[in-house]
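Rule-based calculations on the coordinates, nothing more; no lab input. Note that the structure is a prediction, hence the values are computed from the model and not measured. All Cβ positions, even for glycine, are placed from backbone atoms using ideal geometry, and neighbour counts span all protein chains on display.
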Amino acid sequence: MRAAVVTRYGSPDVVTVCDAPKPAPAAGEVLIRVHAATVNRSDCGELQPRVIGRLLFGLRRPRRTIFGMDVAGVVEAVGAGVMAFKPGDRVFGMCPFRTNGAHAEYVCIAETGPIGLMPAHTPFADAVVCEGAYYADSGLKKFRVGPGHRILIYGASGAIGSAAVQLAKAYGAHVTAVVATRHLELARSLGADRVVDYTAEDFSRIGERFDFVLEAVGKTSFWRYRRLLKPEGTFMATDMGPWGQYLPLLLWSAIAKNNRVVVPLPPRGGGHAFVAFLKARMEAGQFRGVIDRSYPLDAIAEAYRYVETGQKAAIVVIEVAADDQP
Ligand SMILES: NC(=O)c1ccc[n+]([C@@H]2O[C@H](COP(=O)([O-])OP(=O)(O)OC[C@H]3O[C@@H](n4cnc5c(N)ncnc54)[C@H](OP(=O)(O)O)[C@@H]3O)[C@@H](O)[C@H]2O)c1
């Protein structure tokens, strides 16, 4: 099969599209013919990990050689004992870090893993949305966002931010989205009640306080958010921030047990249920994938270069095989 193979850490130049062995499903696994995948920030982090990343991905070289978190495709075969899926099923979800990912024509995933049947009438390219949404939803659940809450989402055009806007609206919250001028319309179309253009005004002085602030970019000092939080409000960051500055704040918050600063850690083993939850939101018209750009598998290094700029909106799709559904 064709696959984007990574045998050493480095720039996108180390990603090589070549022939690789086609995997076979073990007991309890499904073999998926991949139609669409993405390059996201996690893939970029895996390509050039820092110290903590290397503990996770492999100290000297990557433990797995095919990356790719988000996946959508068709079940081609199932291993012994698989009950939930059959060949021909259209499926979507996420590839666990420990095994090879979706930057290839085929991938194997456990039937109990983070996969599920595709939402009805959805092209594969619109379904590779799970990872950003999983982080976003884990954050919103930690906030216990609900009707009556006011939430500010900084970076509302990114993979996590755009998902957070839609899911927070589905939970009934009032959403203020902070984006650059070019993404104002996008944020409105996702359902944001108020949009703030951080290139035109100081978002930290918009004259409002929030129950929750979700920082989904990782480039701004915490002190700019202080004025935006209600006295009991919670701040959540998807990244450790400039110079890792959110880390001591997190430790302080954990030691003081005041829940002021938190991170959106998805629950262990919660992926399968989350994919089913997202399918329901998509079928209810409460969630849609926002595609920034698409690249063929052969041009995946270009996709990495674009995502590394930190300026993509929502998802960057890798088209692995044509979508034959009209
Ligand atoms: N996606 C994942 O799977 C994942 C997982 C774990 C952690 N993270 C971390 O979470 C953060 C967000 O990830 P993501 O995937 O949602 O990011 P993303 O899709 O790459 O989001 C990028 C967005 O950030 C905005 N942005 C860029 N520079 C900015 C700046 N200087 N000030 C304000 N906004 C800026 C841009 O929107 P505007 O043009 O509208 O400003 C852009 O659309 C990253 O730090 C990432 O490392 C991501």
Neighbour-limited loop hits for trypsin sites (Lys or Arg not before Pro), segment 140-221 (at most 15 other Cβ within 10 Å; DSSP other than H, G, I, E, B): Arg144, Arg209, Lys219
Using R₀ = 56 Å, calculate the FRET efficiency as 1/(1 + (r/R₀)^6) where r is the Cβ-Cβ separation of Ala321 and Ala200; round to 0.05. 0.85
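In the neighborhood of Arg64, defined by Cβ-to-Cβ distances under 10 Å, what is the net charge if each Lys or Arg adds +1 and each Asp or Glu adds -1?
Around Arg64, the surrounding residues sum to +1.
Which of the peptides 95-104, 292-301, 52-61 is most tightly packed, and how do the rest follow, judged by the mean count of other Cβ atoms within 10 Å per residue?
95-104, 292-301, 52-61
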Which of the peptides 112-120, 75-83, 270-278, 28-36 is most tightly packed, and how do the rest follow, judged by the mean count of other Cβ atoms within 10 Å per residue? 28-36, 112-120, 270-278, 75-83
Set the Förster radius R0 to 22 Å, insert the Cβ-Cβ distance between Lys141 and Arg209 as r into 1/(1 + (r/R0)^6), and round the FRET efficiency to 0.05. 0.50
Determine the relative contact order of segment 131-262: mean sequence separation of Cα pairs under 8 Å and six or more apart, normalised by residue count, in whole percent. 20
Mind checking which aspartates and glutamates have their Cα closer than 20 Å to the Cα of Lys230? Skip sequence neighbours fewer than 8 apart in that chain. Asp193, Asp202, Glu208, Asp211, Glu215
Please report, in debye to the nearest 20, how large the charge dipole of the chain is about its Cα centre when each Lys and Arg carries +1 at its beta carbon and each Asp and Glu carries -1 there. 1260
Multiply the residue gap between Cys18 and Arg224 by 0.36 nm, knock off their C-alpha separation, and tell me the result in nm, one decimal place. 69.5 nm
Farthest toward positive dipole pole in segment 201-326 [+1 Lys/Arg, -1 Asp/Glu at C-beta], among Ser253, Ala216, Ala303: Ser253
Value of Rg to Rh for the chain (Rh from inverse mean 1/r over Cα pairs, i.e. Kirkwood): 0.97
So between Arg63 and Leu247, what do we pick up on full extension, going 0.36 nm a residue minus the alpha carbon distance? 63.6 nm
